[in-house]
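The values are calculated or read from the model by the stated rules, or taken from the named source; none is laboratory data. Since this is a predicted model, take the numbers as computed values, not measurements. Using ideal geometry, Cβ is built from the backbone for each residue, glycine included, and neighbour counts are taken over all protein chains shown.
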Ligand SMILES: *Cc1c(COP(=O)(O)O)cnc(C)c1O
């Protein structure tokens, strides 16, 4: 069965999977959603024997129906290889009443790698399938993490170039070092003398500049983005929920058809939406537990039916969840609105004009599989400390938000269903916050000294991503003003 993709804001538009991947976002700002969610018609006994790559093929082939078997298998092989530091790709670790699904074994030690390691291959395959002759130039503005994960994903992928802009004085020293040491002839990293918003505005301007587009086309290039709302990032995230479920069955943790719960530390709502799609494919997930930090827009939404971004933006120790507009939520809104593109478009217009919208009680009823809650900064730190003291297992701040919310959930409901917690970053990525949570005696140590200390107390080897930046050479040193961004792009591409 061919699966087409509908635009959440325009009923008349339906495209193939490869077109949806290539376009990223629809022209009117809508997102692409599968017209139907395919069912995972594979018995768990069989899933239990599959490797990560085989599971990936089983899931993705049901969504990306215009890819040939060979195309998809090639994408999967190139993505989930020795860039990951374990052949399991996403190991499951039991600690203190929950199963932690470690999604941080890729090149940048955070879960964005799960999708960004395959997106470049999906994108370039989609371009070829749709007879795009140009090379694809990825433009990204980053406040830190996504830039590095995109660079690592696209490095040395034939037919692509990637250009990342970051605020020169607006990212952490480690984040900057991770980016400017990036290898690969097709990678370009630029610090701009401005803030993140200026970087983002500059990138958006280039995307919509017809003259620049024509100049690029004449030179054999076209722009694309690795944006988190690309369906080519969402579908690969379904895979690890299926994989985790099958592993729990294989290890005798659950019996046939036993349900599990899933807890996801949430920002843009991509990761938890992937779990929702897994549930809709037929995976027996009971509750989808949405965990927020102090930027608790989603908690408020699940408890009141009102999405309201009009509030103070709080900087927390889980920065990848410091988000007030969760873009992927639109896909869920569209669905609970009965796949009514007009209704969805209206709510999204309200969001952009008033910063808020209210869903109907009918729509709210369709959210019964979701549970939302949040943790304060103090609670997050306490979760890290107590889990370490009770079990020796060390988790990062984002994962700790999820673990804290899971505690609140079980206290409230008494639900003892076996539960998987999505562990979205290595503690080595947020070493200072993690070590401060464990003991304030670590305050005075340097970042690298802290990594050594963490390695000792957690009995975990320092990840390659951290070892590398200690000694890596700086390979990128371009700095420009925001208004010079187009010229910088042209000079990288040798367009004069
Ligand atoms: C991006 C990110 C999240 C949030 O994931 P969403 O899909 O945006 O909800 C959580 N934790 C970490 C470490 C992340 O990088």
Exercise for review: Would you mention how many residues in the range 147-180 are surrounded by 22 or more Cβ atoms within 10 Å (Cβ to Cβ), in contact with a helix residue (DSSP H, G or I) (Cβ under 8 Å, 6 or more places away or on another chain) and under 18 Å from residue 319 (Cβ atoms)?
Suggested key: 9
**Study point:** Residue identified as farther than 20 Å from residue 21 by Cβ, surrounded by 21 or more Cβ atoms within 10 Å (Cβ to Cβ) and in contact (Cβ under 8 Å) with a residue 12 or more places away in the chain among 232, 202, 220, 184
**Key:** 202
Study note, to complete from the structure: Of the residues in the range 236-257 that are farther than 20 Å from residue 95 by Cβ and assigned to a loop (DSSP other than H, G, I, E, B), the one that is nearest to the chain's Cα centre (by Cα) is 257
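Being part of a helix (DSSP H, G or I), on the phi < 0 side of the Ramachandran plot and free of Cβ contacts under 8 Å to residues at least 40 places away in the same chain narrows it down to one residue among 335, 349; which is it? Please lay out each step first, then the result.
Numbers: 335 fails: free of Cβ contacts under 8 Å to residues at least 40 places away in the same chain.
None of the other options fit; the residue is 349.
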Point to revise | Sole exception among (1) in contact (Cβ under 8 Å) with a residue 60 or more places away in the chain; (2) surrounded by fewer than 14 Cβ atoms within 10 Å (Cβ to Cβ); (3) within 17 Å of residue 388 (Cβ to Cβ) for residue 464, by number | key: (3)
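Answer yes if at least one residue in the range 441-448 is at pLDDT 95 or above and buried (at least 17 other Cβ atoms within 10 Å of the Cβ), and no otherwise.
From the range 441-448, those at pLDDT 95 or above are none; that's our starting set.
Within the range 441-448, not a single residue is at pLDDT 95 or above and buried (at least 17 other Cβ atoms within 10 Å of the Cβ).
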Practice item. Determine if the range 367-377 includes at least one residue that is within 16 Å of the ligand (Cβ to nearest atom), surrounded by fewer than 22 Cβ atoms within 10 Å (Cβ to Cβ) and not in a strand (DSSP E or B). Key: yes
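In the list 226, 250, 275, which residue meets the criterion of being touching a strand residue (DSSP E or B) at 6+ places or on another chain (Cβ under 7 Å) and over 23 Å from residue 15 (Cα atoms)?
Unique residue meeting the criteria: 275.
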Review point. Which residues, counting only those in the range 303-326, are more than 14 Å from the ligand (Cβ to nearest atom) and touching a strand residue (DSSP E or B) at 6+ places or on another chain (Cβ under 7 Å)?
Key: 303, 305, 306, 307, 308, 309, 310
Exercise for review: Output yes when any residue across the range 286-309 is more than 30 Å from residue 431 (Cβ to Cβ) and assigned to a loop (DSSP other than H, G, I, E, B), and no when none is.
Suggested key: yes
Check your understanding: Do you know which of the residues in the range 445-493 that are part of a loop (DSSP other than H, G, I, E, B) and touching a strand residue (DSSP E or B) at 6+ places or on another chain (Cβ under 9 Å) is nearest to residue 134 (Cα to Cα)?
Key -> 493
Point to revise | Residue that is away from the ligand (no atom under 13 Å from the Cβ), over 18 Å from residue 233 (Cα atoms), under 22 Å from the mean Cα position of the chain (by Cα) and at pLDDT 95 or above, where the choices are 296, 279 | key: 296
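Among the residues of the range 237-257, are any within 12 Å of the ligand (Cβ to nearest atom), touching a residue at least 60 places away in the same chain (Cβ under 8 Å), surrounded by fewer than 22 Cβ atoms within 10 Å (Cβ to Cβ) and under 19 Å from residue 111 (Cβ atoms)? First the steps, then the outcome.
At the first step, the residues of the range 237-257 found to be within 12 Å of the ligand (Cβ to nearest atom) are 237.
Subset that is touching a residue at least 60 places away in the same chain (Cβ under 8 Å): 237.
With surrounded by fewer than 22 Cβ atoms within 10 Å (Cβ to Cβ) added as a condition, the list becomes none.
No - not one qualifying residue is present in the range 237-257.
Could you please find all residues in the range 421-444 being assigned to a loop (DSSP other than H, G, I, E, B) and within 16 Å of the ligand (Cβ to nearest atom)? If you could, list the steps in order and put the result at the bottom.
Step one: of the range 421-444, the residues assigned to a loop (DSSP other than H, G, I, E, B) are 424, 426, 439.
Hits for the range 421-444 are 424, 426.
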